[in-house]
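Engineer: Encoded as structure tokens, here's the structure I'll be asking about.
The values are calculated or read from the model by the stated rules, or taken from the named source; none is laboratory data. Since we're looking at a predicted model, the values are computed, not measured. Don't worry about glycine lacking a Cβ; one is built from the backbone with ideal geometry, like all the others, and counts go over all protein chains shown.
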Amino acid sequence: MQFPDTEYFSLELASPQGDGAIEPKHQACLIPQAANATPFALDAPQSIVGRGHDVDYCINDVRASRRHAKVLALHNRYYVQDLGSTNGTYLNGDRIENERLAHGDLITFGRTQFRFEIGTDLDANYLKKLTLDTVTSLAEAVDKKDPYTGSHSQSVAKISERLALALGLDQAAAERVRIAARLHDIGKIGVPDAVLRKPGPLTAAEFALIRKHPVDGASILAPLGFLADLLPAIRHHHERFDGGGYPDGLVGAAIPLASRIIQVADTYHAMASNRPYRRAQPPEFIRTELTRHAGTQFDPEVIAALLDMLSSLHAPD
Ligand SMILES: [Fe+2]
């Protein structure tokens, strides 16, 4: 098989404990089949596995001086690739060149046979990732409903993550803000295109439909337990700092910080983007507008963080 030239996933693997037990966080390991053998974890020499086939998991035959094969981790699937040794690489007894590995496979590198095992964590993480990819696709589909905004949510997500870090959140928390921002408008899937794309002023009934999207978005994502911490951020992304927003009229710090960040990133990106009816606004105009609404519509601290990074933000198209 040909390995596509694509990005490898990060794998969180660790060395086995001294007693031979496999740590629960192991996602994959090779267990030598000799008596009293200890598991050989697929250790990640670097936490992010980069592009190219030179940075992956190279397995040495413990009794041979040269490498016989390497195990590649690609998209959370594992492959074994023969490196052309004279002894060959065997998978379940058959000499192989490149093959996909499955849980329980017996692989022979040189003279050592291993059993390949995938930990349950991998499956859980893989499923979470798949699920997140699926809802992200849905969010993208919502973006596309409005031809004027294109990949708006993606840009808002990037800016939101930067704001979160600038406001002192750690990387993990900033990552949650980024995901919330990516999905924040997913509830618009329930708003008819005719309303979303309406160029003129909305009627009261149409506006009521639009106003439902934060609550609908949180409801859509509610069954996904691993996103539970993001639901308040999504529900409240149209609150105003002075309490004049919706759906609950929350005030100030009662509004989740992630929501306050998303609002600012969202507004900035809308102003800084070209629209059919106007060009992107210049930075000085944006600075004036955001400053004018700090403390009423927006959290002044978030505005200050955005203004600090204004010159370094790429002008969106
Ligand atoms: Fe929204």
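Yes/no per residue for (1) of a type in the set (A, V, I, L, M); (2) more than 25 Å from residue 129 (Cβ to Cβ); (3) within 27 Å of the chain's Cα centre (by Cα):
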position: 228; (1), (2), (3): yes, no, yes
position: 231; (1), (2), (3): yes, no, yes
position: 243; (1), (2), (3): no, yes, no
position: 252; (1), (2), (3): no, yes, no
position: 256; (1), (2), (3): no, no, yes
position: 262; (1), (2), (3): yes, no, yes
position: 265; (1), (2), (3): yes, no, yes
position: 268; (1), (2), (3): no, yes, yes
position: 272; (1), (2), (3): yes, yes, yes
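Engineer: Evaluate region 258-272: report whether one residue or more is touching a strand residue (DSSP E or B) at 6+ places or on another chain (Cβ under 9 Å) and touching a residue at least 60 places away in the same chain (Cβ under 8 Å). Give the derivation first.
Structural biologist: As a first pass, look at region 258-272 and keep what is touching a strand residue (DSSP E or B) at 6+ places or on another chain (Cβ under 9 Å): 260, 263-264, 267.
Remaining after also requiring touching a residue at least 60 places away in the same chain (Cβ under 8 Å): 264.
Yes, region 258-272 contains at least one residue that is touching a strand residue (DSSP E or B) at 6+ places or on another chain (Cβ under 9 Å) and touching a residue at least 60 places away in the same chain (Cβ under 8 Å).
Engineer: Name the residues in region 164-190 that are over 19 Å from residue 269 (Cβ atoms) and within 15 Å of the ligand (Cβ to nearest atom), would you?
Structural biologist: 189, 190
Engineer: Right, next: Right, residue 303: away from the ligand (no atom under 14 Å from the Cβ), among the β-branched types (Val, Ile, Thr), surrounded by 18 or more Cβ atoms within 10 Å (Cβ to Cβ) and over 25 Å from residue 175 (Cβ atoms) or not?
Structural biologist: Working: away from the ligand (no atom under 14 Å from the Cβ): yes; among the β-branched types (Val, Ile, Thr): yes; surrounded by 18 or more Cβ atoms within 10 Å (Cβ to Cβ): yes; over 25 Å from residue 175 (Cβ atoms): no.
When the stated conditions are applied, residue 303 does not pass them.
Engineer: So, one more: Consider residue 264 carefully, then state whether it is touching a Leu at 6+ places or on another chain (Cβ under 6 Å), among the aliphatic types (A, V, I, L, M), at pLDDT 95 or above and within 23 Å of residue 215 (Cα to Cα).
Structural biologist: Values: touching a Leu at 6+ places or on another chain (Cβ under 6 Å): yes; among the aliphatic types (A, V, I, L, M): yes; at pLDDT 95 or above: yes; within 23 Å of residue 215 (Cα to Cα): yes.
Here the answer is yes, as residue 264 does meet what is asked.
Engineer: For residue 247, all conditions in the list (1) modelled with pLDDT of 95 or more; (2) more than 13 Å from the ligand (Cβ to nearest atom); (3) surrounded by fewer than 18 Cβ atoms within 10 Å (Cβ to Cβ) hold save one; what is the number of the exception?
Structural biologist: (2)
Engineer: Quick one: in region 231-243, of everything that is in contact (Cβ under 8 Å) with a residue 40 or more places away in the chain and within 14 Å of the ligand (Cβ to nearest atom), which residue is nearest to residue 174 (Cα to Cα)?
Structural biologist: First pass over region 231-243, keeping only residues in contact (Cβ under 8 Å) with a residue 40 or more places away in the chain: 233-234, 237, 240-242.
Subset that is within 14 Å of the ligand (Cβ to nearest atom): 233-234, 237, 240.
On the way: 233: 13, 234: 15, 237: 16, 240: 21 Å.
Filtering first and then ranking leaves 233.
Engineer: Can you list the helices (runs of 4 or more DSSP H) found entirely within region 197-309 that contain at least 1 residues being closer than 23 Å to residue 176 by Cβ?
Structural biologist: Numbers: elements: 204-211, 213-221, 231-235, 257-272, 283-292, 300-309.
Where helices (runs of 4 or more DSSP H) fall fully within region 197-309 and carry at least 1 residues being closer than 23 Å to residue 176 by Cβ, they are 213-221, 231-235, 257-272, 300-309.
Engineer: Okay, next question. Report yes if some residue within region 266-289 is of a type in the set (Val, Ile, Thr), crowded, with 17+ Cβ neighbours inside 10 Å and either within 18 Å of residue 156 (Cα to Cα) or more than 16 Å from the ligand (Cβ to nearest atom) (or both); otherwise report no. Full working, then the answer.
Structural biologist: Let us first name the residues in region 266-289 that are of a type in the set (Val, Ile, Thr), namely 267, 286, 288.
Pick out the ones that are also crowded, with 17+ Cβ neighbours inside 10 Å and you get 267, 286.
Then drop every residue that is not either within 18 Å of residue 156 (Cα to Cα) or more than 16 Å from the ligand (Cβ to nearest atom) (or both), which leaves 267, 286.
So far as region 266-289 goes, yes, one or more of its residues are of a type in the set (Val, Ile, Thr), crowded, with 17+ Cβ neighbours inside 10 Å and either within 18 Å of residue 156 (Cα to Cα) or more than 16 Å from the ligand (Cβ to nearest atom) (or both).
Engineer: Report those strands (runs of 3 or more DSSP E) wholly inside region 62-174 carrying at least 2 residues which are at pLDDT 70 or above. Show your work before the answer.
Structural biologist: Values: elements: 67-74, 77-82, 89-91, 94-96, 98-100, 106-109, 112-118.
Ranges flagged: 77-82, 89-91, 94-96, 98-100, 106-109, 112-118.
Engineer: Considering only region 149-163, state which residues are more than 16 Å from the ligand (Cβ to nearest atom) and free of Cβ contacts under 8 Å to residues at least 40 places away in the same chain.
Structural biologist: Filtering region 149-163 down to residues more than 16 Å from the ligand (Cβ to nearest atom) leaves 158, 161-163.
Correct list: 158, 161.
Engineer: Please work out which one of (1) within 21 Å of the chain's Cα centre (by Cα); (2) closer than 20 Å to residue 152 by Cα is the condition residue 223 fails and give its number.
Structural biologist: (2)
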